[in-house]
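A quick write-up on the structure given underneath.
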Amino acid sequence: MSDSGTNKDQKFRNKPLQVESRSPLPEEELSLPQQARSKGSYSFFASLMAIITGLLVGVMILLFANPSRAGQGLLTILKGGMTGSPTQFGQSIATAIPIIMTGLSVAFAYKSGLFNIGASGQFMVGGVCAVFVAIKGTMIPGSVLWIVCMLAAIAGGAIWGSVPGILKAYFKVNEVITSIMMNYIGMYLVKIIIEQTIYDARYARALNVPVRAEIPTLGLDTAFPGTNLNISLLLCLIFCLIIFVISSRTVFGYELTAVGLNPDASRYAGISSNRTVIIAMVIAGALSGIGGFMMYLGGTGVYMETNEIVALQGFNGIPVALLAMNHPIGVFFTGLFIGQITIGGENLQLFGYSKEIIDMIIAVILYCAAFSLIFKQMLYRIVSSIKKRRQKTRGVGPQGPGRYTPADKKEVSS
Amino acid sequence: MSKNVIEMDHITKRFGNFTAVDDVTFHLRQGEIHALLGENGAGKTTLVNVLFGLYAHEAGTIRIKGEPATLKNPNDANDYGIGMVHQHFMLVQNFTVLESIILGDEPTKAGIINKGKALEKALEISERYKLAIDPDAEIRNITVGQQQRVEILKMLFRENEILIFDEPTAVLTPQEIDELMSIMRNLADEGKSIIFITHKLNEIQKVADRVTILRKGKHIVTLDVADTTAEEMSELMVGRAIDFDVDKPEIERGDVVFSCENITVKREHSTKNAVHDVSLEVHAGEIVSIAGVDGNGQSELVYALTGITPPDEGRIFLNGHDISKSSIRERTEAGMAHIPEDRQRFGMILDLSLANNLVLQTYYQPRFQKHGFMRFDSIRGYADELIGRFDIRSSEGAGSMGRALSGGNQQKAIVARELDREADIIIAVQPVRGLDVGAIEYIHGQLLEQRNRGKGVLLVSFELDEVTNLSDRILVMYEGEIVADLDPDQTDERELGLYMAGKKKEVGHV
């Protein structure tokens, strides 16, 4: 890092430093939730900028590949699953559901300062636990079977998440390394479990999940015929809300945030970072596990295969979380968005573009998402310069700088 | 009269609708040491940050060596030969001392850093200015005081002509301060021009040629130091008379509230212990100071006593109970308060709001939570109360981010939090480091009040004024051991200085 780099960094960080000696003014005071809201809107627009920039580059790629149909191509991407075909709509939702859950997992772990790159492993282990219970749990009544399957997935994912958490807490092993390794261990474990217990040798995959174990549709599939919808999306939203409440409203969320932001100060304050880190990873693992449950018990004809590929849904959760700036509710929408454009990308093939182009465009959007912090800073600067200009035109009135007369201020220690 | 190297005329800098620097004119002459004096938030740091290219000013002109200058970033400042030692060190934690010194100005040979040459030059400077360093030590392993030396060396390494010292003496011993003063004098005599930001009036009197006093962003006056007195300067700075004498009533000292026995902390990769066999006692209604040069085991001792890094040997007692094996939270609940040395690393979570920082140790208690949910309204109410009572200033009250508070107000917030818990023993490490006269007076007053109310205070300080003014008893720490146990009325700065430098040891006390 160059010297000027550090200083520039400092410049941004120090910005509000001198606003210090001003006494708080009631008119200007923002309540905590209000503050969070204004911060949230910066994040929202920053994510939007990332998406728009990504799409612009996408158009350039389309133009480069086949200029004559680029316009149609862009429309197709934007339309995504909303082409009027219920099947496609259903597909885009089905694509979104697992990555919302893994995205939530990554976002939650990140809150405590951990990078959960092991969502894939947790996802697969959770999935296989759910599928195993679905197939072998013949003595469990059909009405609760799906819930038992979900609990099994939660357990599987949680155990898989806990290992890197424990290693991080007690042995200071970097969670990135351990969770990546857990992906491979998980993948082969899944293969062994399937092959030993629930193997369908004809197709080299797990047996069909019995219909009675599938996630209930609550009539959604008949209300929206052809979509194959079930209550998973609703569950996703509920989980996002729960995680949001946990991280922003609870004592545990406070500890999590404190440990994530400053482990030293947390230790000084007597917060057990070991406990926090482990619980955070257990919950993150459980969330990914639920993603696996939703994927394989959704009745969408997806089977657990034994083809030695680490599930991509786990890795795709990382950009979902990034694009949402690790906001639990944001994750819900960025997951849906990526589900949308993934289907849109497949439709691109209608115009003679190869399917891979959408992968490139998604990649660019995600690439921009990684820069979302920069977008956020840009927004912050633009907004504050606009504010400043407004103040200038307003002049020195009761709202202007003239309000701070020395007499307004109390002495430091009178 | 020598010519001006810097002319800052009518500089104004606003943040939002807060005017941090208001129409300030500041001229620096060739070869002079020009002190900038003012309280926290008076605009000193903002003013030099404008000069250093960190902030863009709204109004006014800057001329450097007679030429109009626009400084957009620190690189521009560097091109003009302006170097700065910052208040909060800007060092890369896992770099070595040498790497930090040469960072940004690496002597290279065919694109590869010529470490040998760099080392030679760095050692030569370090020797010339008597700033002893270990070039291979990592920044994160050296003390705050040593880090500051690195910052100063960094600036000297670049051969800057205009040097800005932002509170450079805050962590040095009297002897080191004297050395630094003579270094600054030498530099000025060699023709370098120095801007010296400080709160310490005696340093200004010792070394500065002129002083510019700022108050609430405004230029109050520029004086020749020889023509003024400390009293006059402090009055001009604060806007009222300051009482330098600490009012310390005689009170009956109570029972022992806090003690430790034979504390030993081993050092990694060294046979020499960081803390060696330290035993001490603090009575109720007593301020016990640990004086000493930074880096003689004080930090490690405090970490051991507070549980941040448990000691290798020894036992700790609080109110008669053995807390040697207790967790930090158990110690806190047993009645220990800790004002940490590094307020940004340990004392505060900078990206949490002030309100959330004020409940850092108490957030889980029933008054702040219900069934695992935070009671933000009562946290807010509590924060507002502390903010009012301890006069913690910020732009957005309890909702301000910790980062947005000035150093002095961060420290006030920590002091407020720690003292409000009604702890029986308050372990305060450098509680007024980098603060201005007003805030120092205030925090010292708070510590004294705790003592007067029968609490025990263990004060670790590198500043002799603080030690001699506040203490009922002074312990001196040298190379991990307590080498003296003195009555402040029966000793003086010279004697303390000798103990601190290891030149003297108390008989029978090893």
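Bear in mind that the values in this text are calculations on the coordinates, not laboratory data. All of these numbers come straight from a predicted model, not from anything done at the bench. Cβ atoms come from the backbone with ideal geometry, glycine included; neighbour counts cover every protein chain shown.
Bin width 5 Å, origin at 0, all Cα-Cα pairs of region B:258-376: what percent of pairs per bin?
The percentages, shortest bin first, are 2, 10, 17, 19, 18, 14, 10, 6, 3, 1, 0.
State, in angstrom, two size descriptors of chain B derived from its alpha carbons: Rg to one decimal place and Dmax to the nearest whole number.
Rg then Dmax for chain B, in Å: 23.5, 72.
For peptide B:356-365, what's the mean number of Cβ atoms from other chains within 10 Å of each residue's Cβ?
Numbers: counts 4, 3, 0, 2, 9, 4, 1, 6, 6, 1.
Mean inter-chain Cβ contacts per residue within 10 Å come to 4.
For region B:344-421, what D do you get in µm² per second when you plug the Kirkwood radius from alpha-carbon pairs into Stokes-Einstein at 20 °C and 1.002 mPa s?
Details: Rh = 12.2 Å.
In µm²/s, the coefficient rounds to 175.
Just the number, please: percent antiparallel of the DSSP beta bridges in chain B, rounded to the nearest 5.
Numbers: 45 of 83 bridges.
Roughly 55 percent of the beta bridges in chain B run antiparallel, per DSSP.
Over the Cα atoms of the protein assembly as shown, compute the convex hull volume and normalise it per residue, giving Å³. All intermediate terms of the calculation are to be shown ahead of the outcome.
Details: hull volume 192.9 nm³, N = 924.
Cα convex hull per residue, to the nearest whole number: 209 Å³.
Can you pull the semi-axes for region B:383-510, root of five times each eigenvalue of the Cα gyration tensor, sorted largest first, whole Å?
On the way: eigenvalues 214, 45, 29 Å².
In descending order the semi-axes read 33, 15, 12 Å.
So how far, in whole Å, is the C-alpha centre of region B:367-390 from the one of region A:234-269?
18
Which pairs, out of A:168/B:325; A:172/B:266; B:192/B:504; A:376/B:115; A:168/A:355, put more than 30 Å between their alpha-carbon atoms?
Details: A:168/B:325 23 Å; A:172/B:266 21 Å; B:192/B:504 38 Å; A:376/B:115 39 Å; A:168/A:355 40 Å.
Table pairs above 30 Å Cα-Cα are B:192/B:504; A:376/B:115; A:168/A:355.
Modelling each spin label as a point 7 Å along the Cα-to-Cβ direction, I'd like the residue A:185/residue A:238 distance in nm, to one decimal.
3.2
As I understand it, the value is the acute angle between the Cα axis of helix B:407-419 and the longest principal axis of the Cα atoms of chain B; what does it come to in degrees, rounded to 10?
0
If you average the alpha carbon positions of region B:416-465 and of region A:344-384, how far apart do those two centres end up, in angstrom?
54
Among the aspartates and glutamates, which have Cα under 12 Å from the Cα of residue B:3 when same-chain residues fewer than 8 positions away are ignored?
Hits, sequence-local ones excluded: B:32.
What full-extension length gain, to one decimal in nm, is calculated for residue B:490 and residue B:2 as 0.36 nm per residue of separation minus the Cα-Cα distance? Walk me through the intermediate numbers first.
Values: separation 488, 0.36 × 488 = 175.68 nm, distance 4.73 nm.
Separation in residues times 0.36 nm, less the Cα-Cα distance, equals 171.0 nm.
What average number of partner chain Cβ atoms lie no more than 10 Å from the Cβ of the residues making up B:347-354? Mind dumping the intermediate values first?
Values: counts 5, 4, 12, 4, 5, 6, 3, 0.
Per residue, the average neighbour count from other chains is 5.
How far apart, in nanometres, would the label points at residue A:303 and residue B:105 be if each is projected 7 angstrom from Cα along the Cα-to-Cβ direction?
Using points 7 Å along Cα→Cβ, the separation is 7.0 nm.
Could you work out, residue by residue across A:255-268, how many beta carbons of other chains sit within 10 Å of that residue's beta carbon, and then give the average as an integer? Let's see the in-between values first.
Details: counts 2, 0, 4, 7, 1, 2, 5, 11, 2, 8, 14, 4, 5, 16.
Shielding by partners across A:255-268 averages 6.
Pull up the cross-link candidates among the aspartates and glutamates for residue B:272, meaning alpha carbon to alpha carbon under 18 Å and not fewer than 8 places away within one chain.
Straight-distance partners of residue B:272: B:134, B:294, B:300, B:312, B:313, B:479, B:481.
Report relative contact order for chain B in percent, whole number only (criteria: Cα-Cα under 8 Å, sequence separation at least 6).
Working: 1015 pairs, mean separation 76.6, N = 510.
Contact order relative to length: 15 percent.
Restricting to Cα pairs below 8 Å that are 6+ residues apart, what does the relative contact order work out to for region B:328-464? Please round to a whole percent. All intermediate terms of the calculation are to be shown ahead of the outcome.
Numbers: 183 pairs, mean separation 41.7, N = 137.
Once normalised by length, the contact order is 30 percent.
How many times 2.2 N^0.38 Å is the alpha carbon radius of gyration of region A:94-335? Provide the component values of the computation, followed by the final result.
On the way: Rg = 17.6 Å, N = 242, 2.2 N^0.38 = 17.7 Å.
Relative to the 2.2 N^0.38 Å estimate, region A:94-335 comes out at 0.99.
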